1. Could you tell me which of the residues 96, 30 is hydroxyl-bearing (Ser, Thr, Tyr) and either farther than 22 Å from residue 128 by Cα or surrounded by fewer than 12 Cβ atoms within 10 Å (Cβ to Cβ) (or both)?
2. Please verify whether the stretch 133-141 includes one or more residues that are in a loop (DSSP other than H, G, I, E, B), over 15 Å from the mean Cα position of the chain (by Cα) and either assigned by TED's automatic domain parsing to the domain that holds residue 70 or touching a residue at least 12 places away in the same chain (Cβ under 8 Å) (or both).
3. Give the stretch 240-257 a look and list any residue that's of a type in the set (D, E, K, R) and surrounded by 15 or more Cβ atoms within 10 Å (Cβ to Cβ), or say none.
4. Residue 152 - would you say it is among the small types (Gly, Ala, Ser), within 30 Å of residue 46 (Cβ to Cβ) and assigned by TED's automatic domain parsing to the domain that holds residue 193?
5. Of all residues in the stretch 120-132, which are within 19 Å of residue 57 (Cβ to Cβ) and either in a strand (DSSP E or B) or within 29 Å of the chain's Cα centre (by Cα) (or both)?
6. From the list 127, 175, which residue is touching a residue at least 24 places away in the same chain (Cβ under 8 Å), basic (Lys, Arg) and buried (at least 16 other Cβ atoms within 10 Å of the Cβ)?
7. Kindly check whether there is at least one residue in the stretch 25-43 that is outside any helix (DSSP H, G or I), without any contact (Cβ under 8 Å) to a residue 12 or more places away in the chain and out of contact with any Ser or Thr (no Cβ under 6 Å at 6 or more places or on another chain).
8. Identify, please: which residue in the stretch 74-97 is acidic (Asp, Glu) and under 22 Å from residue 125 (Cβ atoms) and is, among those, modelled with the lowest pLDDT?
Amino acid sequence: MKLYESKIIPFLANLPESKRVFLLHGTVESKVLYYRKLLEKILLGDQARNEMRLITLDRSLLKKEKDLLLNEMKTRSFFGDRKGILIEGITDKEGSTILEILEQLEDEDPFLIMTSGFLSQNSKLRRSVESNILSCSIGFYEKEMPLAEIQGLFQKWKVTVSDNQIYNILGDYARNYDFLEFRQELRKIALFKSFDETPLTLKEVEDIFSSESNPNEKKLVNLLIKRNIGSLIDYFKDHPANIKNPIGVITRAANHFKILHKVRCNEHDTMGILKKVWPPIVGKHKDQLIENSKTWSISNLEKALHILTEIELTIKENSKISSKALLIHGFLKVCLLK
């Protein structure tokens, strides 16, 4: 049986008793890991490893001991309960061994869970599993979490959403976050709204997903990007104590200028560039970044990066000069670029 990722949640919720062999493969390792653990729990319960009902076999041993897996598949659990066998990183080299297992598979045999990386459509291993009625192959090649799964989690956690734009924003985040990190951020939203029955707002989403650990540094860099000299001078004058780590501010500013430079150099593929940016920039912040990029020439962005590098090196090499004074001078110099 071949199962598409978009169908995995309802499939696991009503897992057919006839399925004994599972192959989880794909290029998104975090998804393969997550669903492998979830499958273990559904099939064998929470204590399978502690009770030695889940046996892990080293893939390399399958070639040396051809009957190892077959013998293990015909051995019942010492505890008299369900037993599972796990093989990680399996490849087509073991395809013939797995085919032999499938040909001799019986209803009372233990569950066999296998994980793999990329497997092509013509993979012998994949085709063997997909063509057997007692087995199932699931591929994970899309980085983001499907929208239906996000909606399902919110429904499960009783988080209400009245504005569909929020799902569009979450879709942007899903494309840029690692799968497990994204689930963790969704869980933060659920905890945040656990005692609040009002619908989730866009501001709450952006606050929770914010990658900026220091909002004061974020504000300072935004003023620099916009070349707002008046506000920048006022900030340095009124909030000097907020600049805790000048090198950190310079690094943050340099990262933003590098993004602006990539956007200007690849204006035909702006969205493609922004999809690869980490930490992700989404929603109104993405729109603002695109607008800001239009106010900078490529040459001035390169000059700005050169100035920032010079400031950083000077601070690191000469401890006698005030790092904050160098930061202020350098930022104003960037703002005055023509």
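1. Working: 96 fails: either farther than 22 Å from residue 128 by Cα or surrounded by fewer than 12 Cβ atoms within 10 Å (Cβ to Cβ) (or both).
Of 96, 30, the one residue that is hydroxyl-bearing (Ser, Thr, Tyr) and either farther than 22 Å from residue 128 by Cα or surrounded by fewer than 12 Cβ atoms within 10 Å (Cβ to Cβ) (or both) is 30.
2. yes
3. Of everything in the stretch 240-257, just one residue is of a type in the set (D, E, K, R) and surrounded by 15 or more Cβ atoms within 10 Å (Cβ to Cβ), namely 252.
4. So residue 152 passes the test.
5. Residues satisfying the conditions are 125, 129.
6. 175
7. No, the conditions are met nowhere in the stretch 25-43.
8. 94
The values are calculated or read from the model by the stated rules, or taken from the named source; none is laboratory data. All values reported here derive from a predicted model rather than from experimental measurement. Heads up, the Cβs are rebuilt from the backbone with ideal geometry, glycines too, and the neighbour counts pull from every protein chain shown.
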